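Comments concern the structure below.
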Amino acid sequence: MEISQELLQKKILIVDDAASMRTLTKAILRTAGFLHVFDVPGGSDALLMMRKVKINIVICDWNMPGMSGLDLFKAVKEDPKLATPPWIMLTSSSEGEKVKEAIMAGITSYIVKPFKPDNLIKQVVTKLG
């Protein structure tokens, strides 16, 4: 997949409590050519990062201790200082109720783990483009 230089400059934030998942997702994005990929282990760290860096897209785990991915999304939406970037929810849960809850909250993409790297790249490029 050909990705424009402009898109490859966008800032991506990965939020996942599992270090291995953050490392894997970051490696997939870096291999695709994305230059600015940040990762944090939880919601409060994500909020701090988003107050410092203008993030263009968030890839977030749903199930995390302290603050779920959905709670983080809602916190970002409610903070007038933060623009809500496109959001890709990554989760091991494919429960219909959770998908519905995410869509009702305004989350635009939902990827179930384990995922195919090509699918993630396609989603990121689509949301950024």
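The values are calculated or read from the model by the stated rules, or taken from the named source; none is laboratory data. Everything numeric in this text was worked out from a predicted model, so none of it was measured. Glycine also receives a Cβ, built like all others from the backbone with ideal geometry; neighbour counts cover every protein chain displayed. Areas reflect the complete protein model, heavy atoms only, side chains present, ligands, DNA and RNA absent. Shrake-Rupley method; radii C 1.70, N 1.55, O 1.52, S 1.80 Å.
Within segment 25-50, restricting attention to residues that are in a loop (DSSP other than H, G, I, E, B) and small (Gly, Ala, Ser), the residue that is farthest from residue 111 (Cα to Cα) is 33. Scanning segment 69-100 for residues that are modelled with pLDDT of 95 or more and of a type in the set (S, T, N, Q) yields a count of 0. Out of 90, 48, one residue alone is under 12 Å from the mean Cα position of the chain (by Cα) and among the hydrophobic types (A, V, I, L, M, F, W, C). It is 90. Restricting attention to segment 75-129, the residues that are closer than 15 Å to residue 29 by Cα, of a type in the set (Asp, Glu) and either touching a Ser or Thr at 6+ places or on another chain (Cβ under 9 Å) or outside any helix (DSSP H, G or I) (or both) total 0.
Among the conditions (1) of a type in the set (Gly, Ala, Ser); (2) over 20 Å from residue 123 (Cα atoms); (3) buried (at least 18 other Cβ atoms within 10 Å of the Cβ), residue 19 misses just one, which is (3). Restricting attention to segment 6-33, the residues that are in contact with a strand residue (DSSP E or B) (Cβ under 6 Å, 6 or more places away or on another chain) and of a type outside the set (Lys, Arg) add up to 7.
For segment 5-30, residues that are without any contact (Cβ under 8 Å) to a residue 24 or more places away in the chain and either touching a Cys at 6+ places or on another chain (Cβ under 6 Å) or farther than 17 Å from residue 87 by Cβ (or both) total 9. Filtering segment 87-109 to residues that are within 16 Å of residue 120 (Cα to Cα) and buried (at least 17 other Cβ atoms within 10 Å of the Cβ) leaves 87, 88, 89, 90, 91, 107, 109.
The residues on offer are 122, 127, 113, 77, and the sole one that is under 20 Å from residue 54 (Cα atoms), touching a residue at least 40 places away in the same chain (Cβ under 8 Å), open to solvent by 40 Å² or more (accessible area, probe 1.4 Å) and not acidic (Asp, Glu) is 127. Looking at segment 51-74, which of the residues that are part of a helix (DSSP H, G or I) and open to solvent by 10 Å² or more (accessible area, probe 1.4 Å) is nearest to residue 36 (Cα to Cα)? The extreme case among them is 52.
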